[in-house]
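First the structure, in the form of structure tokens, and then the observations on it.
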Ligand code: IPM
Ligand code: MG
């Protein structure tokens with residue numbers, strides 16, 4: 001569950017998982033400490049035993065990590081290292097962040113309805129390389145002149161494998177990829193562009209365009225429906241996925257899946273720990289619950305359950321039930337807990353009506 005609103009939204013995700021297991025889906029879970037919650041108990045952001053447990057698991061669900069009380073610590077000791085270590089050691093190099101719009105939430109988006117009504121995109125973000133992990137890195141504090149540095153580094157194989165994920169993803173969608181870079185300034189982006197273009201030769205059915213990241217940030221707001229798959233490095237993907245969240249209306253709606261070569265994946269909301277609203281039972285649990293849907297889709301092998309969970313969320317939203325981040329026109333908002341209960345009830349209805357043919361298939 002991690003920090004901030006993490007435990008609150010994961011509690012709702014657990015309700016959804018329990019509803020599925022009660023219907024006979026064979027799944028066991030256990031809780032582990034990560035982030036600030038782990039620092040408090042053990043002094044470090046994540047324990048080796050947790051990493052070992054997660055690598056033996058079928059899937060990992062994560063709330064959020066990060067808390068302002070650790071802002072003064074060196075990078076290596078901060079809560080965020082928990083997620084960085086999980087991604088790296090589990091080899092989860094591909095981060096999928098789908099962005100959809102729901103008609104009943106159009107007014108929630110700061111963008112005009114005519115711009116977002118056909119928007120449906122996915123950000124495919126490289127997750128274990130680039131400037132997040134590159135060395136050398138450091139900060140040198142000196143009386144006369146302090147300096148700090150990071151290294152943006154990509155190997156050809158890292159670009160090739162994430163590009164392949166993007167092309168395979170595009171094949172199941174609208175067959176269009178926008179590869180994002182800053183090849184007019186950065187060598188790492190020049191190689192990125194070259195390898196992505198090479199990969200495209202294996203996918204003649206997919207349309208590939210290259211776009212500079214600054215232009216992409218603008219086009220996302222100007223005409224979001226022009227995008228299908230956005231392929232980006234670790235840093236650009238981080239930034240563009242937060243921006244994309246506003247197309248759907250709230251970052252509280254966006255789930256993500258981090259995957260690698262095997263079945264094991266890590267599922268987490270795109271939002272962070274949101275310390276400003278933590279503990280108030282007002283956070284939106286949709287992103288966490290939709291992350292559970294992605295978990296069933298990519299790691300647990302049940303597309304049907306994934307779709308049922310997604311449908312339960314949509315039905316709940318269409319009834320006008322809203323957490324505070326997605327209310328408009330003075331609509332009444334409901335709590336995190338109540339939202340979780342409503343979604344679970346919708347899901348249970350579907351499960352009871354046996355609208356899921358073979359559970360666990
Ligand atoms: C995200 C988050 C993380 C990231 C932070 C919490 C380390 O912003 O998953 O988008 O930058 O990857
Ligand atoms: Mg981010």
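Nothing in this text is a laboratory measurement; each read-out follows from the coordinates by a stated rule. All of these numbers come straight from a predicted model, not from anything done at the bench. With ideal geometry, Cβ positions are generated from the backbone for all residues, glycine too; neighbour counts draw on all protein chains shown.
Quick notes
- The stretch between residue 40 and residue 353 holds 108.2 nm of extra length on full extension. This uses 0.36 nm per residue minus the Cα-Cα distance.
- Rounded Å value of the spacing that divides the Cα centres of segment 116-159 and segment 280-347: 32 Å
- For segment 13-163, the relative contact order is 15 percent, taking Cα pairs closer than 8 Å that sit 6 or more residues apart in sequence and dividing their mean separation by the residue count.
- At full extension, residue 48 and residue 225 could sit 59.4 nm farther apart than now, given 0.36 nm per residue minus the alpha carbon distance.
- Centre-to-centre, using Cα atoms only, segment 189-252 and segment 30-94 are separated by 28 Å.
- Protection proxy ranking for 96-103, 120-127, using the average of other Cβ atoms within 10 Å per residue and placing the highest first: 120-127, 96-103.
- Residue 175-residue 146 pseudo-label distance in nm [points 7 Å out on the Cα-to-Cβ vector]: 5.4 nm
- Label-point separation, residue 112 to residue 209 (7 Å along Cα→Cβ), nm: 2.0 nm
- The alpha carbon gyration tensor of the chain gives principal lengths a ≥ b ≥ c with a/c below 1.5, which makes the shape rounded.
- Using a Förster distance of 25 Å, the FRET efficiency for residue 135-residue 243 (Cβ separation, nearest 0.05): 0.30
- Three-way shape call for segment 219-288 based on the alpha-carbon gyration tensor, with the a/c threshold at 1.5: oblate
- In this rough spin-label picture, where each label sits 7 Å from Cα along the Cβ direction, the residue 76-residue 332 distance is 5.4 nm.
- Peptide packing for 235-243, 147-155 was compared via the average number of neighbouring C-beta atoms within 10 Å per residue; ordered from the highest value, the list is 235-243, 147-155.
- Relative exposure of 72, 174, 271, 210, judged by other C-beta atoms within 10 Å (fewest first): 72, 174, 210, 271
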